[in-house]
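Here is the structure we will look at.
The values are calculated or read from the model by the stated rules, or taken from the named source; none is laboratory data. On a predicted model such as this, the values are computed, not experimentally measured, just so you know. As a convention, Cβ positions derive from the backbone with ideal geometry for all residues, glycine included, and neighbour counts pool all protein chains shown. What goes into the accessible areas is simple: the full protein's heavy atoms, side chains included, and nothing from ligands, DNA or RNA. Shrake-Rupley method; radii C 1.70, N 1.55, O 1.52, S 1.80 Å.
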Amino acid sequence: MDSRVLATVVATAGSTYRKAGARMLIMADGSYLGLLSGGCMEADLASHARHVIADGVPRAIEYDMRGPDDVLFGLGAGCEGAMRILLEPAGRESPAGAALAAAGRTAQRGETTTLVVVHESDQLPLGTYHTLSRLPPVLQAASRQALAESASRNVVWDVGGARQRAFAQFLAPPPQLLVCGAGPDVSPLVVAARNLGWGGTVVDHRPAYALESRFPGAKVLLADARALRETVDLKRYHAALVMSHHLKSDESYLRELAEAGVPEYIGLLGPRVRRERLAKELGPTEAILRARIRGPVGIDIGALTPEAIALSIITQIHAWLAGRADC
């Protein structure tokens, strides 16, 4: 008997706390990892999860919190939205566990993938699928289209007059952050990135700074700034931060990033006058980098401490990754 249940949002309407594709794990004792609402429905989901644990049968639950009928559910959330959530066993030997593990291995390789969540069908077992060979052509095609378009999609089809529904979810690998410099102010950045599920690499030319013990969860490399392209596969990174607090090293990092042409986002720590001085040192190279550099890096939140500065930087990168303007 599985003692864990995977809850996946498969469809939403109106204003909801999380959108389709969001997941949480519910334990047999009612505790959970992750959130699908602001705490409005987790207790009710835990109650349904106990039934899934008891009989091992996946089931879809719907919550409609639009209008006065919300009170009838005993939730009183007032979110003005509706959610459909699939609950399924998620023990180590479960199909859901195997699907998530396979998707995780793909993400670790820095590759995109898809998961297909069947949540209404009288032809297929409800649940999360990663191996497409077990799915009908309509879902295989939907998975390929989601991968090609880098976008998740709902799938509705008919079998013998009976409606079937699934959610084909596009999954990109987690963002990878490269930090050029390993000063004391880098630690809060690494922590913030890790808390968001991002991957991180820290590189520095100083042996006293380039220590893995200082940056738990991050890869730490000791290397000359002038050899950045030889040391790091820059194509793997979504954003780079240049913050060694050493002018010549920062210049070398910027030259290496200019030659590589990636990543598209480069954050430069320090005041505007320092950026202007680096621009003079870089000469023609500065023009190559100009459109990619954010400097001074970060959103102006009045940050003074290393933790607040890290927050301003991570916020700007997050907004940029999400396609928000002026970031």
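Which residues, taken from segment 166-189, are part of a helix (DSSP H, G or I), surrounded by fewer than 24 Cβ atoms within 10 Å (Cβ to Cβ) and not small (Gly, Ala, Ser)?
Filtering segment 166-189 for residues part of a helix (DSSP H, G or I) gives 186-189.
Pick out the ones that are also surrounded by fewer than 24 Cβ atoms within 10 Å (Cβ to Cβ) and you get 187-188.
Result: PRO188, single match.
Take the conditions among the small types (Gly, Ala, Ser), assigned to a helix (DSSP H, G or I) and more than 22 Å from LEU6 (Cα to Cα) and apply them to SER133. Does it pass? Yes, satisfied.
Restricting attention to segment 155-165, which residues are touching a residue at least 12 places away in the same chain (Cβ under 8 Å), open to solvent by less than 70 Å² (accessible area, probe 1.4 Å) and not hydrophobic (A, V, I, L, M, F, W, C)? First the steps, then the outcome.
Of segment 155-165, the ones touching a residue at least 12 places away in the same chain (Cβ under 8 Å) are 155, 157, 159, 162-165.
Okay, now just the ones that are also open to solvent by less than 70 Å² (accessible area, probe 1.4 Å), so 155, 157, 159, 162, 164-165.
Those that are touching a residue at least 12 places away in the same chain (Cβ under 8 Å), open to solvent by less than 70 Å² (accessible area, probe 1.4 Å) and not hydrophobic (A, V, I, L, M, F, W, C): GLN164, ARG165.
Within segment 20-42, residues that are β-branched (Val, Ile, Thr) reach partners that are assigned to a strand (DSSP E or B) with beta carbons closer than 9 Å, at six or more positions or on different chains, in the pairs ILE26/ARG4; ILE26/VAL5; ILE26/LEU6; ILE26/ALA7; ILE26/TYR32; ILE26/LEU33; ILE26/LEU87. Taking the criterion of being assigned to a loop (DSSP other than H, G, I, E, B) and within 24 Å of the chain's Cα centre (by Cα), the only residue of segment 115-130 that qualifies is HIS130. Applying the criterion of at least 3 residues that are within 19 Å of ILE317 (Cβ to Cβ), without any contact (Cβ under 8 Å) to a residue 60 or more places away in the chain and not acidic (Asp, Glu) to the strands (runs of 3 or more DSSP E) found wholly in segment 210-275 leaves 265-268.
When the criteria are applied in full, GLU259 fails the requirement of being acidic (Asp, Glu) and within 21 Å of the chain's Cα centre (by Cα). Of the residues making up segment 122-154, those that are open to solvent by less than 60 Å² (accessible area, probe 1.4 Å) and either without any contact (Cβ under 8 Å) to a residue 24 or more places away in the chain or of a type in the set (Phe, Trp, Tyr) (or both) are TYR129, LEU132, LEU135, PRO136, VAL138, GLN140, ALA141, ALA151.
This table checks each residue for (1) over 17 Å from GLY200 (Cα atoms); (2) surrounded by 21 or more Cβ atoms within 10 Å (Cβ to Cβ).
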| position | (1), (2) |
| --- | --- |
| THR285 | yes, no |
| VAL297 | yes, yes |
| ILE301 | yes, no |
| PRO306 | yes, no |
| GLN316 | no, yes |
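For segment 11-52, the candidate set comprises residues that are open to solvent by 20 Å² or more (accessible area, probe 1.4 Å) and in a helix (DSSP H, G or I); within that set, the residue that is farthest from PRO125 (Cα to Cα) is ALA43. Within 27 Å of the chain's Cα centre (by Cα) and either at pLDDT 95 or above or open to solvent by 30 Å² or more (accessible area, probe 1.4 Å) (or both): does that describe THR8? For THR8, the condition - within 27 Å of the chain's Cα centre (by Cα) and either at pLDDT 95 or above or open to solvent by 30 Å² or more (accessible area, probe 1.4 Å) (or both) - is met. Among the residues of segment 261-283, those that are touching a Leu at 6+ places or on another chain (Cβ under 7 Å) and open to solvent by 40 Å² or more (accessible area, probe 1.4 Å) comprise VAL262, ARG275.
Residues in segment 104-121 that are closer than 21 Å to ALA60 by Cα and open to solvent by less than 40 Å² (accessible area, probe 1.4 Å): THR114, LEU115, VAL116, VAL117, VAL118, HIS119, SER121.
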